[in-house]
Amino acid sequence: MSLEVIAPVLLTVISAATPLLFAALGELVVEKSGVLNLGVEGMMIVGAVGAFATTASTGSSALGIVVGAGAGMALAFVFGVLTLTLAANQVATGLALTIFGLGLSSLVGAGFVGIPVAPLPKLAIPGLSDLPLVGPLIFGHDLLVYLSIAAVVAVAWFLKASRPGMILRAVGESDVSAHSIGYDVIAVRYRAVLFGGAMAGLGGAFLSLSYTPLWTEGMTAGRGWIALALVVFASWRPWRLLAGAYLFGGVTIAQLYTQGAGGLGIPSQVMSMLPYLATILVLTIIAAGPWKGRLNAPACLGKPFRPST
Amino acid sequence: MFKDLSRRRFLAGSTAAAGAVALGGPLATRAALAADPLKVGFVYVGPIGDFGWTHGHDLGRKAIEAKFGDAVKTSYVESVPDDGPDAERVIRQFATSGHQLIFTTSFGYMDPTMKVAKQFPDVKFEHATGLPSAMSDNLAIYNARFYEGRAVIGTIAGHVTKTGKFGYIASFPIPEVVMGINAFILAARKVRPDAEIKVVWVNSWYDPGKEADATKALIDQGCDVITQHTDSPAPVQTAASRGVWSFGQASDMSSFAPEWHATAILDVWGPYYIDRVQKVLDGTWKATDVWYGLKEDMVEIAPYNERLPAEAVEAAEKVRKAIVDGSLHPFAGPIKNQAGEVKVPEGTTMTDPEMLSMDWYVEGVSA
């Protein structure tokens, strides 16, 4: 298989994986702090509508990206108040916010259906972007794609090698111990939740500004749920998350290409199942293989923190 | 009010009301109708913001409201999945809440609509794109001959393609979609006999991201005209970003691709809906099986893009007029299937039942 055939496929894979990567990375940080945020889908889609509405009204996609992240953050703030301050059940709150986010985005977006915007400009470095195949593949993406890769690096460093990252992990593993040492568990979790919301919003903004530069209701089409699964798939490790997002995106795109090339006689419904089957297969291998026991969910995931003091 | 309502006053009042109704007769009925608007319910499979299939139906609903004003009250539920128990629940909810006429706008609602129609013989149901066998005393079927529109756009595709390869973003392999694919390539092959069509199934009526990816996949494999049987404008937009011609589905999608949107097949449900509501109001509604096309204006072709070559537009108009006056049938023989066998002999045309159960592809389709 020559690079000529693979290069356009890889281009599509990269853009398919980016929204998943943003949302899943944000959720990874949130879950590492011990909070289970099922509202990712709702935060993604309010980010999408916020970004689109802003760009369509003002013409500035930079402002659109900022507002998209802000919209996700705002919904995450509501989630934070309900689950951290009021100690409500995290699963129920997350689900409620997903439904709320979907409805709110439909309401806000109703006036923007049928309006196209210019897609995010792609990077164009004079010498490098023009290289025959490698050029567009490595140097021809828009800002958000590079931001997603940079975010993986930043989050990996943050969690592994920085003090606030270690405190966040401690809060996620044992909130009571962290509280007794003197760390403000609720404040740490709030920051994590807001970060997660902003990242989900960025993922949504990428969808409505770059992937398909239009607004239609429900345009996230379940990506928030896939992002949640990817976090588990990645065993809460950022680099494995990158691999997972690209694997999922890759299989999704590969099955579409295979269909276009004649389908190999496999029914299209089976092909549609492939990304999910691949994820389950890899999860099974991780759980049962020599890597068994490395599934390291944060110990306090999903438990509300009620300080006794 | 109820405190000072004595039994005597109540009986006197109700007798007077009953007398008025009995004496009033037709006048009272008209007054009652004005007081009690006809409730019409719509069940949509997608969001009204899809700018495609459901959007078209909602325009029809708005046409009803515009025409009948206060005599009719419409309500709708959107994005009801057609493959689970939700559909039945929503339809039943409409039936039990006083709706006299219910439109269910997706093939997948056929079984739930039939079930609820049996249980509510006084409520009238209209099912879109279903099978004629579903029709009953209170269940009408309506469909549009989209394949006629496909024949027109297939003609254009045959004229503008350079590579001879067409990309088709398809949803589910049901007869309606199969008809569309076949009609398209048959018409295109009349212009370009070696043309072929590649189909990608996204297994959804509406998934903008997947439709965009499928479009990219098809264009990367050499297709230079894109058409779709899914409901979002994503394929049109993605095709335009690569400089490839595309056709809008169910609505005019030219705002997403002013330079590369050749034309679109428009679903025009308004006149049919207004007619059916009028029949209910007049008391003359009967279950019918209606399959209208270009001739009855249930299917229309959107304005042609100015950048199309003149000969393509001329040829398309010729095909359209021929279908309208009956001299051209998109499925007239001889038609061979993928294996080369003659399925429709020369001199014959496919019948409606044959088309509605089409499960084979013609030559030139790789699906």
Checklist entry - Only one of (1) within 22 Å of the chain's Cα centre (by Cα); (2) in a helix (DSSP H, G or I); (3) closer than 28 Å to B:ILE48 by Cβ is not met by A:ALA56, so which one is it? => result (1)
Checklist entry - Right, B:SER254: over 24 Å from A:GLN269 (Cα atoms), in contact (Cβ under 8 Å) with a residue 40 or more places away in the chain and not aliphatic (A, V, I, L, M) or not? => result yes
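Is the stretch B:188-202 home to any residue that is under 22 Å from B:MET298 (Cα atoms) and either of a type in the set (Asp, Glu) or within 14 Å of another protein chain (Cβ to nearest Cβ) (or both)?
Step one: filter the stretch B:188-202 for residues under 22 Å from B:MET298 (Cα atoms), giving none.
Within the stretch B:188-202 (the criterion being under 22 Å from B:MET298 (Cα atoms) and either of a type in the set (Asp, Glu) or within 14 Å of another protein chain (Cβ to nearest Cβ) (or both)), the answer is no, since none of the residues qualifies.
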Next on the checklist: Of all residues being surrounded by 15 or more Cβ atoms within 10 Å (Cβ to Cβ) and among the hydroxyl-bearing types (Ser, Thr, Tyr) in the stretch A:124-159, which is nearest to A:VAL29 (Cα to Cα)? Just the residue, please.
Outcome noted: A:SER148
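So is A:GLY103 in a helix (DSSP H, G or I) and away from every other protein chain (no Cβ under 14 Å) or not? Walk me through it before giving the result.
Values: in a helix (DSSP H, G or I): yes; away from every other protein chain (no Cβ under 14 Å): no.
Taking the combined requirement at face value, the residue does not satisfy it.
Among the residues of the stretch B:265-296, which ones are of a type in the set (Gly, Ala, Ser) and touching a residue at least 60 places away in the same chain (Cβ under 8 Å)?
Taking the stretch B:265-296 and keeping what is of a type in the set (Gly, Ala, Ser), we get B:270, B:283, B:287, B:293.
Within the stretch B:265-296, B:GLY270, B:ALA287, B:GLY293 meet the criteria.
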Checklist outcome for this item: Of (1) within 10 Å of chain A (Cβ to nearest Cβ); (2) under 17 Å from B:TRP260 (Cβ atoms), B:ILE226 satisfies every one except (1)
Item to check | Sole exception among (1) within 14 Å of chain B (Cβ to nearest Cβ); (2) crowded, with 21+ Cβ neighbours inside 10 Å for A:GLY111, by number | outcome: (2)
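Quick one: would you say A:VAL66 is more than 23 Å from A:TRP239 (Cα to Cα) and more than 14 Å from chain B (Cβ to nearest Cβ)? Quick ask: steps written out before the conclusion?
Details: more than 23 Å from A:TRP239 (Cα to Cα): yes; more than 14 Å from chain B (Cβ to nearest Cβ): yes.
Answer is yes for this residue.
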Checklist entry - Any chance the stretch B:205-214 includes a residue that's surrounded by 24 or more Cβ atoms within 10 Å (Cβ to Cβ), more than 9 Å from chain A (Cβ to nearest Cβ) and over 15 Å from B:LEU308 (Cβ atoms)? => result no
Checklist entry - Are there any pairs, at least 6 apart or on different chains, whose C-beta atoms fall under 8 Å, with the first in the stretch A:156-180 and charged (D, E, K, R) and the second surrounded by fewer than 17 Cβ atoms within 10 Å (Cβ to Cβ), and if so, which? => result A:GLU173/A:ALA299; A:ASP175/A:LYS303
Checklist outcome for this item: The correct count of residues that are at the interface with chain B (Cβ under 9 Å from one of its Cβ atoms), in contact with a Lys or Arg (Cβ under 8 Å, 6 or more places away or on another chain) and in contact (Cβ under 8 Å) with a residue 12 or more places away in the chain in the stretch A:181-228 is 1
Item to check | Where B:TYR273 falls short, out of the listed (1) within 14 Å of another protein chain (Cβ to nearest Cβ); (2) surrounded by 23 or more Cβ atoms within 10 Å (Cβ to Cβ) | outcome: (1)
Checklist entry - Just a yes or no: is a residue in the stretch B:69-77 surrounded by 24 or more Cβ atoms within 10 Å (Cβ to Cβ), out of contact with any His (no Cβ under 6 Å at 6 or more places or on another chain) and not assigned by TED's automatic domain parsing to the domain that holds B:HIS229? => result no
Item to check | Residue, farthest from the chain's Cα centre (by Cα), within the stretch B:301-323, restricted to residues that are farther than 21 Å from B:ARG189 by Cα and crowded, with 18+ Cβ neighbours inside 10 Å | outcome: B:ASN305
Checklist entry - Mind checking which pairs have a first residue in the stretch B:297-318 that is farther than 11 Å from B:THR263 by Cβ and a second that is outside any helix (DSSP H, G or I) and aromatic (Phe, Trp, Tyr), Cβ under 6 Å, 6 or more apart or different chains? => result B:MET298/B:TYR292
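Restricting the stretch A:79-95 to residues that are without any contact (Cβ under 8 Å) to a residue 24 or more places away in the chain and in a helix (DSSP H, G or I), which is farthest from the other protein chains (Cβ to nearest Cβ)?
Of the residues in the stretch A:79-95, the ones without any contact (Cβ under 8 Å) to a residue 24 or more places away in the chain are A:81-82, A:86, A:92.
Restricting the remaining residues to those that are in a helix (DSSP H, G or I) gives A:81-82, A:92.
On the way: A:VAL81: 29, A:LEU82: 26, A:ALA92: 21 Å.
Across the stretch A:79-95, the extreme among qualifying residues is A:VAL81.
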Item to check | Of all residues in the stretch A:1-23 being in a helix (DSSP H, G or I) and without any contact (Cβ under 8 Å) to a residue 12 or more places away in the chain, the one that is surrounded by the fewest Cβ atoms within 10 Å (Cβ to Cβ) | outcome: A:VAL5
Item to check | Within the stretch B:136-218, strands (runs of 3 or more DSSP E) holding 1 or more residues that are of a type in the set (Gly, Ala, Ser) and outside the structural domain of B:PRO309 (by TED's automatic domain parsing) | outcome: B:139-144
Checklist entry - Can you name the residue in the stretch B:249-270 that is within 17 Å of B:GLY180 (Cβ to Cβ) and of a type in the set (S, T, N, Q) and is also surrounded by the fewest Cβ atoms within 10 Å (Cβ to Cβ) among such residues? => result B:SER251
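Hey, which of the helices (runs of 4 or more DSSP H) in the stretch A:192-309, taking only ones fully inside, have at least 2 residues that are surrounded by 24 or more Cβ atoms within 10 Å (Cβ to Cβ) and under 19 Å from the mean Cα position of the chain (by Cα)?
Numbers: elements: A:223-233, A:238-260, A:268-288.
Output list reads A:223-233, A:238-260.
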Next on the checklist: Suppose we filter A:GLY34, A:GLY26, A:GLY64, A:GLY50 for residues that are under 30 Å from A:GLY172 (Cα atoms), assigned to a helix (DSSP H, G or I) and touching a residue at least 60 places away in the same chain (Cβ under 8 Å); which single one remains?
Outcome noted: A:GLY26
Checklist entry - Which residues, taken from the stretch B:100-135, are surrounded by fewer than 23 Cβ atoms within 10 Å (Cβ to Cβ), assigned to a helix (DSSP H, G or I) and free of Cβ contacts under 8 Å to residues at least 60 places away in the same chain? => result B:MET110, B:ASP111, B:MET114, B:LYS115, B:LYS118, B:GLN119, B:SER133, B:ALA134
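Go through the stretch A:281-309 and give me each residue that's out of contact with any Lys or Arg (no Cβ under 6 Å at 6 or more places or on another chain) and modelled with pLDDT of 80 or more. Walk me through how you get there before you give the answer.
Filtering the stretch A:281-309 down to residues out of contact with any Lys or Arg (no Cβ under 6 Å at 6 or more places or on another chain) leaves A:281-297, A:299-309.
A:LEU281, A:THR284, A:ALA297, A:ALA299, A:CYS300, A:LEU301, A:GLY302, A:LYS303, A:PRO304, A:PHE305, A:ARG306, listed by residue number.
The values are calculated or read from the model by the stated rules, or taken from the named source; none is laboratory data. Remember, it's a predicted structure, so these values are computed and weren't measured experimentally. Ideal geometry is used to build each Cβ from the backbone, glycine not excepted, and the neighbour counts take in all protein chains shown.
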